[in-house]
């Protein structure tokens, strides 16, 4: 006889486990303090697994989604909405940070002696934009440090695959398969999440 679990447990069971693992990790940290650092490698494994899957997941997900689109106008609307959301959220984050610093000055009452440092190289706004959205080498694109460049590259790959028509169908299938595989990889990594979050 199968035991029927409540719908809430079946829907949010894994999330509940993750929350409990956080509480267990906090409890272990409070009780064992510095001795709990022996569990740190378990947490590092989880973080490293996530970091190594971010780049291929972003690439395959974005490029396969764009390659599968047949309506270019719809793609243009989606891209415009993405840029608009990116700009708005950036402005909101900057505004919140400025208000927070004004209301609660982080260095209030602290005297910091600054020595004579090396002269910093000034970067123009145009140079910063170029460095943020592009990379000088293909290997640099495949890095979590250059996520915006990776997103731009993924969009270009998706557009090129879609524009290639029949010639790009095989590659489009490869991108779709890669996206499906990476989603499974993420699912496998998340099985380890309770241990990683606890550590």
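Normalised by the number of residues in the chain, what is the relative contact order in percent for Cα pairs under 8 Å and 6+ residues apart?
Reported relative contact order: 49 percent.
Which distance in nm do the two modelled labels at residue 47 and residue 190 give, with both placed 7 Å along the Cα-to-Cβ direction?
Spacing of the two 7 Å Cα→Cβ label points: 2.2 nm.
Please list 154-161, 86-93 highest first by mean number of surrounding beta-carbon atoms within 10 Å per residue. Walk me through the numbers before you get to the answer.
On the way: 154-161: 18.8, 86-93: 10.2.
Per-residue mean Cβ counts within 10 Å order the peptides as 154-161, 86-93.
Starting from the coordinates of the alpha-carbon atoms of the chain, obtain the Kirkwood hydrodynamic radius over all distinct pairs and give the value in Å to one decimal.
Mean inverse Cα-Cα distance, inverted, gives 21.6 Å.
What full-extension length gain, to one decimal in nm, is calculated for residue 31 and residue 101 as 0.36 nm per residue of separation minus the Cα-Cα distance?
Going from the current span to full extension adds 21.8 nm.
When the Debye formula is applied to the Cα atoms of region 141-197, each taken as the same point scatterer, what base-10 log of I(q)/I(0) results at q = 0.17, 0.19, 0.24 Å⁻¹?
For the requested q values the scattering log ratios are -0.74, -0.84, -0.99.
If you bin the C-alpha pair distances of region 8-65 every 5 Å from 0, what whole percents do you get?
Histogram of Cα-Cα distances, whole percents per bin: 4, 15, 14, 16, 16, 17, 11, 5, 3, 1.
Largest first and to the nearest Å, give the Cα extent of region 33-86 along each principal axis.
Dimensions of region 33-86 along the principal axes of its Cα atoms: 58, 22, 8 Å.
Using helices alone, I'd like the mean residue ellipticity at 222 nm for the chain: each DSSP H run of four-plus residues gives -39500 (n - 2.57), total over residue count, nearest 500. Show your work: numbers first, answer last.
Values: 8 runs with 145 residues, N = 199.
Value at 222 nm, helices only, nearest 500: -24500 deg cm²/dmol.
Apply 1/(1 + (r/R0)^6) to the Cβ-Cβ distance of residue 69 and residue 17, taking R0 = 41 Å, and write down the FRET efficiency to the nearest 0.05. If you can, show how the numbers build up before the last one.
Values: r = 37 Å, r/R0 = 0.90.
Efficiency at R0 = 41 Å is approximately 0.65.
Only the coordinates and a few stated rules stand behind these numbers; no lab work does. Quantities reported herein were computed from a predicted structural model and do not represent experimental measurements. With ideal geometry, Cβ positions are generated from the backbone for all residues, glycine too; neighbour counts draw on all protein chains shown.
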